[in-house]
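Presented below is the structure to which this report refers.
The values are calculated or read from the model by the stated rules, or taken from the named source; none is laboratory data. Bear in mind that the values here come from a model prediction, so they are computed numbers and not experimental data. Neighbour counts are summed over all protein chains in view; Cβ atoms, including those assigned to glycine, are modelled from backbone coordinates with ideal geometry. Side chains included, ligands, DNA and RNA excluded: accessible areas come from the protein's heavy atoms. Shrake-Rupley method; radii C 1.70, N 1.55, O 1.52, S 1.80 Å.
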Amino acid sequence: MLKKMIFISGVLAALAGLSAPVSAQQLYVRDIDVKYKDGGNGYCSDVVGTDPDRSFIPGTGGNVWQNSSLIEFERPRTGNPSYPGGCLGLCAQIVCVSTAGYFGIDELTFEVFKFGSGANPLDPASTPPIKTISMYNIGTCQSSNNVEYVVGGAGNYYCTPWDGSYNLNGLFGKTNGQYGFRTKVRTNQVSATAGNISIEQTAAFPGQTQIPIQVNVTNIHTVRSSPTVVGKITGVAAQPYNILYRLSKDALTSIKIYDATTLVLSPGVYPFVRSIISSAPRTGEGTPDGTMTNGDFWDGRDWTGNFVDGGNYIVQLDAFSNDLWERGDGEPDRAFTYTTQISLDPLQITDVAVKPLGNSSTDMATISYMLTEAATVYVTIYPPNTQINYLTGAATPNNPIRRFIEVKDRRVTTSTYWDGRDSNGSPVCDGEYVYTIGAVMSSNSAFAPDGEVWTKLTRVGTIPIARGKPLAFINPSSTVIGSTQQVAGL
């Protein structure tokens, strides 16, 4: 309070030097605390000034840290919304004094910060705000004749709900630890009787006989999914997909996969594909600023171990834990479900390269490539200028001159060789021949139509045949017959 009064006195001293009749205004935060409404909506949006102050509650053996300023659950306690719950109301009471009529109050700001080593609640440099909540045009100072006035009426508090969430690397989540907040009240008004009124004052929570906000919830955040890159020349996204995530505390975690390619059930309900883990113990990130990340993966297979067809899939993460607090509805502290999406294409062809057939008698045209999974490969050769549909592989006109069907291994460079002959064994003429590459693997998955998984994209290119013109190596000669009388020219 001393710091507040020094600032306000400076304002008064500046005003005292004016030639006009002396007038003074004061605006400050009288009280700052945290509240929770028993029997409320569970979201703390209905907290008012008359609700209980939760910032200092002696617990067992006088332990004030046991029950004070708690955010204990991830989800609101809607069934039995008694303290502690999944949120708190951050509240401030604003008081003003004026000797020269009413004036408006422009803004009230709440800045939430997290405690760390050397944190000073009043110094934003050591406690930078992680979430800012602002209220504008909050009321009017109806004080006159130097009488103190509670803005909004006697006993009024301005409150804003907070559930412990803030921006974590671009996505909102919750990390456990201890928090405080600053309230800043500000006005910049022009009065006919008092002239320009510019006041700004800051107060911080926790203060004397107050405990910092204690967040201890089960939360899933910082979720990332990343594919395995296959290919040395042109990398493609393939399985397994790594699923990385953080937990605010140690918890039992489940990860499920759903097929979201088509909506075949009721809205928002998708066919179940597989459980990656089910109620498996996973480690929390560590408090207050831990970075422990959990990792699991999906290999693109369903619960039977068979590959699913390419498409869009939903990854659903759930986690829960129990501690000394009970929700009262028979449920554990269950994190909000987190979902992310994976676009899976299990069978792809990459790193395609071509070596033409030249004029050597032993030369072969070579098409090399890499598969993401072992499969049966179809390489088809078409005459020059054949038009190919890249999506379906259909040729116009459809006059293939040679086809190769081979089983190839996964994730190694492999090749198909062509001797420059058609399906009848006859050499083809020189030219730029069109080739297509497709692949298929069998699968007994319910998510693989007709029991097969095909490449979604046909690889198309040209392969040159360049033997050149025949070379003649014939020289005229004669044969000599006989040993006595030579006969030449035969």
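Could you pull out the residue among 67, 63, 41 that is within 32 Å of the chain's Cα centre (by Cα) and either acidic (Asp, Glu) or at negative phi (or both)?
41
Scan region 228-248 for residues that are more than 30 Å from residue 353 (Cα to Cα) and buried (at least 21 other Cβ atoms within 10 Å of the Cβ) and report the count.
Within region 228-248, residues that are more than 30 Å from residue 353 (Cα to Cα) and buried (at least 21 other Cβ atoms within 10 Å of the Cβ) number 5.
Which of the residues belonging to region 76-97 are within 30 Å of residue 248 (Cα to Cα) and assigned to a strand (DSSP E or B)?
Those that are within 30 Å of residue 248 (Cα to Cα) and assigned to a strand (DSSP E or B): 85, 88, 89, 90, 91, 92.
Here's the yes/no breakdown for (1) open to solvent by 30 Å² or more (accessible area, probe 1.4 Å); (2) farther than 30 Å from residue 65 by Cβ; (3) basic (Lys, Arg):
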site: 152; (1), (2), (3): yes, yes, no
site: 174; (1), (2), (3): no, no, yes
site: 183; (1), (2), (3): no, no, no
site: 188; (1), (2), (3): yes, yes, no
site: 207; (1), (2), (3): yes, no, no
site: 211; (1), (2), (3): no, no, no
site: 215; (1), (2), (3): no, no, no
site: 219; (1), (2), (3): no, no, no
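Out of all the residues in region 85-126, which are out of contact with any Cys (no Cβ under 8 Å at 6 or more places or on another chain), open to solvent by 10 Å² or more (accessible area, probe 1.4 Å) and of a type in the set (Phe, Trp, Tyr)?
115, the sole residue that qualifies.
Does residue 270 count as buried (at least 17 other Cβ atoms within 10 Å of the Cβ) and part of a strand (DSSP E or B)? Please lay out each step first, then the result.
Details: buried (at least 17 other Cβ atoms within 10 Å of the Cβ): yes; part of a strand (DSSP E or B): no.
In short, no.
How many residues, within region 95-122, are among the aromatic types (Phe, Trp, Tyr) and farther than 11 Å from residue 140 by Cα?
3
Tell me, please, whether a residue that is touching a Gly at 6+ places or on another chain (Cβ under 6 Å), over 30 Å from residue 141 (Cβ atoms) and of a type outside the set (D, E, K, R) can be found in region 227-236.
Keep residues of region 227-236 that are touching a Gly at 6+ places or on another chain (Cβ under 6 Å), which gives 229.
Right, trim to over 30 Å from residue 141 (Cβ atoms) and you get 229.
Those left that are additionally of a type outside the set (D, E, K, R): 229.
Yes.
For region 459-467, check the following and say yes or no: at least one residue is crowded, with 20+ Cβ neighbours inside 10 Å, at pLDDT 65 or above and polar (S, T, N, Q).
no
Among (1) of a type in the set (A, V, I, L, M); (2) assigned to a loop (DSSP other than H, G, I, E, B); (3) under 38 Å from the mean Cα position of the chain (by Cα), where does residue 100 come up short?
(3)
Within region 111-123, is even one residue touching a Leu at 6+ places or on another chain (Cβ under 9 Å) and within 27 Å of residue 325 (Cβ to Cβ)? Break it down stepwise before answering.
Of the residues in region 111-123, the ones touching a Leu at 6+ places or on another chain (Cβ under 9 Å) are 112.
Okay, now just the ones that are also within 27 Å of residue 325 (Cβ to Cβ), so 112.
Yes, there is a match, as at least one residue in region 111-123 is touching a Leu at 6+ places or on another chain (Cβ under 9 Å) and within 27 Å of residue 325 (Cβ to Cβ).
Determine which member of the set 243, 276, 211 is part of a strand (DSSP E or B), in contact (Cβ under 8 Å) with a residue 40 or more places away in the chain and of a type in the set (Val, Ile, Thr).
The unique qualifying residue is 243.
Residue under question is residue 129, and the condition is that it be modelled with pLDDT of 95 or more, within 28 Å of the chain's Cα centre (by Cα) and either part of a loop (DSSP other than H, G, I, E, B) or surrounded by fewer than 18 Cβ atoms within 10 Å (Cβ to Cβ) (or both); does it hold? Before the answer, list the steps.
Working: modelled with pLDDT of 95 or more: yes; within 28 Å of the chain's Cα centre (by Cα): yes; either part of a loop (DSSP other than H, G, I, E, B) or surrounded by fewer than 18 Cβ atoms within 10 Å (Cβ to Cβ) (or both): yes.
Here the answer is yes, as residue 129 does meet what is asked.
So residue 37 fits all but one of (1) over 18 Å from residue 181 (Cα atoms); (2) modelled with pLDDT of 85 or more; (3) exposed (fewer than 15 other Cβ atoms within 10 Å of the Cβ); what number is the exception?
Among (1) over 18 Å from residue 181 (Cα atoms); (2) modelled with pLDDT of 85 or more; (3) exposed (fewer than 15 other Cβ atoms within 10 Å of the Cβ), residue 37 violates only (3).
Taking the options 372, 366, 380, name whichever one is modelled with pLDDT of 95 or more, polar (S, T, N, Q) and within 38 Å of the chain's Cα centre (by Cα).
372
Can you spot a residue in region 55-68 that is of a type in the set (Gly, Ala, Ser), modelled with pLDDT under 95 and crowded, with 17+ Cβ neighbours inside 10 Å?
no
Within region 427-466, count every residue that is part of a loop (DSSP other than H, G, I, E, B) and under 15 Å from residue 407 (Cβ atoms).
Of the residues in that region, 1 qualify.
Looking at the structure I just gave you, is residue 265 within 20 Å of the chain's Cα centre (by Cα) and modelled with pLDDT under 95?
no
I'm checking my understanding of the structure. Among residues of region 435-460 that are of a type in the set (Ser, Thr, Tyr) and in contact (Cβ under 8 Å) with a residue 12 or more places away in the chain, which one is farthest from residue 390 (Cα to Cα)?
445
Would you check which residues across region 44-75 are in a loop (DSSP other than H, G, I, E, B), farther than 14 Å from residue 34 by Cα and without any contact (Cβ under 8 Å) to a residue 40 or more places away in the chain and list them?
Residues satisfying the conditions are 58, 59, 63, 66.
For region 120-162, give me the residue count where each residue is free of Cβ contacts under 8 Å to residues at least 12 places away in the same chain and among the small types (Gly, Ala, Ser).
Number satisfying all stated conditions: 4.
Only one residue in 175, 234, 183 is within 17 Å of residue 114 (Cα to Cα) and either at pLDDT below 95 or in a loop (DSSP other than H, G, I, E, B) (or both), so which one is that? Break it down stepwise before answering.
Details: 234 fails: within 17 Å of residue 114 (Cα to Cα); 183 fails: either at pLDDT below 95 or in a loop (DSSP other than H, G, I, E, B) (or both).
Exactly one residue qualifies, and that residue is 175.
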